[in-house]
Amino acid sequence: EHIMGSDFVSSILFYDSNEKSLAIEKIYIEYADSAHDLMKAYAVDCDLIAQNPEELKVIQFCSAEFKESQPQLVFFEPPKTKFDPVTGQQNFAKEHRFLGAAEAEEMKDFGKDLMPSFT
C-alpha cells in the first residue's frame, strides 16, 4: 500500500532460486545502487513468500501462475495527483512490467520515463 501511494517511482524484483533469477539479482542491485537518489528499489524472495499461504494471497507475483516467469521486475508510476478532483478518491500508482534487457542502465532509463514532471 505504501508504494501505491508514493510520490517516487518504485520497483520490485520478484525472484526465486532459479538460475535466471540469480543472474538478474546482481544486475538489479547495480541498478538499485545507481538509481537510489531517484527511485525506490525493493526485492521479494518468492521462495520465502510461498512458505506462508497468507502472504501468497497478497503477493500475486509469487503465486504459482507466475512461477514460470520469475524473475518479474515491476515498476510503479506515482499518480499525477494524490486525489481524483471529481470523486475525491485517492489515486494510486500504475503498475508497469519491465520487459527490457537485463541491464542496469536500461532498468534505470525505464524508471526515469515514469517519473513525474515538475515543470
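The values are calculated or read from the model by the stated rules, or taken from the named source; none is laboratory data. Here the structure is a predicted model, which is why all the values come from computation and not from measurement. For neighbour counting, all protein chains shown are included, and Cβ atoms are generated from backbone atoms with ideal geometry for every residue, glycine included. Remember, those area values only see protein heavy atoms, side chains included, never the ligands or the DNA or RNA. Shrake-Rupley method; radii C 1.70, N 1.55, O 1.52, S 1.80 Å.
State in Å² the accessible area per residue of segment 8-76; use a 1.4 Å probe, count heavy atoms of protein chains only, and round to the nearest integer.
For segment 8-76, the per-residue accessible area is 57 Å².
Can you give the longest run of the chain that contains no trypsin sites (Lys or Arg not before Pro) sitting in a DSSP loop with at most 13 other Cβ atoms inside 10 Å?
1-79
Restricting the count to DSSP beta bridges whose residues both fall in the chain, what percent are antiparallel, rounded to a multiple of 5?
60
Given points 7 Å out from each Cα along the Cα-Cβ axis, report the Lys80 to Lys94 separation in nanometres with one decimal.
0.9
Report the one residue of Asn18, Gln51, Phe66 whose Cα lies farthest in the direction of the positive end of the charge dipole of the chain (charges on C-beta: Lys and Arg +1, Asp and Glu -1; origin at the Cα centre).
Result: Phe66, furthest along the dipole toward the positive end.
Angle between the Cα long axis of helix 19-35 and the longest principal axis of the chain, 0 to 90 degrees, nearest 10?
Taking Cα atoms only, the helix is inclined about 30 degrees.
For segment 25-91, which GluC sites (Glu not before Pro) are both in a DSSP coil and crowded by at most 13 other Cβ atoms within 10 Å?
Those satisfying the criteria are Glu68.
At Ala101 and Lys57, where each label point lies 7 Å from the Cα along Cα→Cβ, what is the point-to-point distance in nanometres?
In this crude spin-label approximation the distance works out to 4.3 nm.
Can you work out the PRE-style zone for Ser34? Point 7 Å along Cα to Cβ, and I want the residues of segment 82-119 with backbone N under 13 Å.
Flagged as within label range: 101-112.
Relative to the present Cα-Cα distance, how much length would full extension add between Met115 and Ala43 at 0.36 nm per residue of separation?
Gain on extension, Met115 to Ala43, equals 23.9 nm.
Which three numbers, in whole Å and largest first, are the semi-axes of the equivalent ellipsoid of the chain derived from its Cα gyration tensor as √(5λ)?
26, 20, 10
Within the accessible area of segment 64-119, what % is carbon and sulfur when the probe is 1.4 Å and the other protein chains stay in place?
Taking all protein chains in place, segment 64-119 shows 53 percent carbon and sulfur surface.
What is the sum of charges, Lys and Arg at +1 and Asp and Glu at -1, for the other residues whose Cβ falls under 11 Å from the Cβ of Ser10?
Net of charged neighbours comes to -2.
Magnitude of the Cβ-charge dipole of the chain, K/R +1 and D/E -1, about the Cα centre, nearest 20 debye?
380
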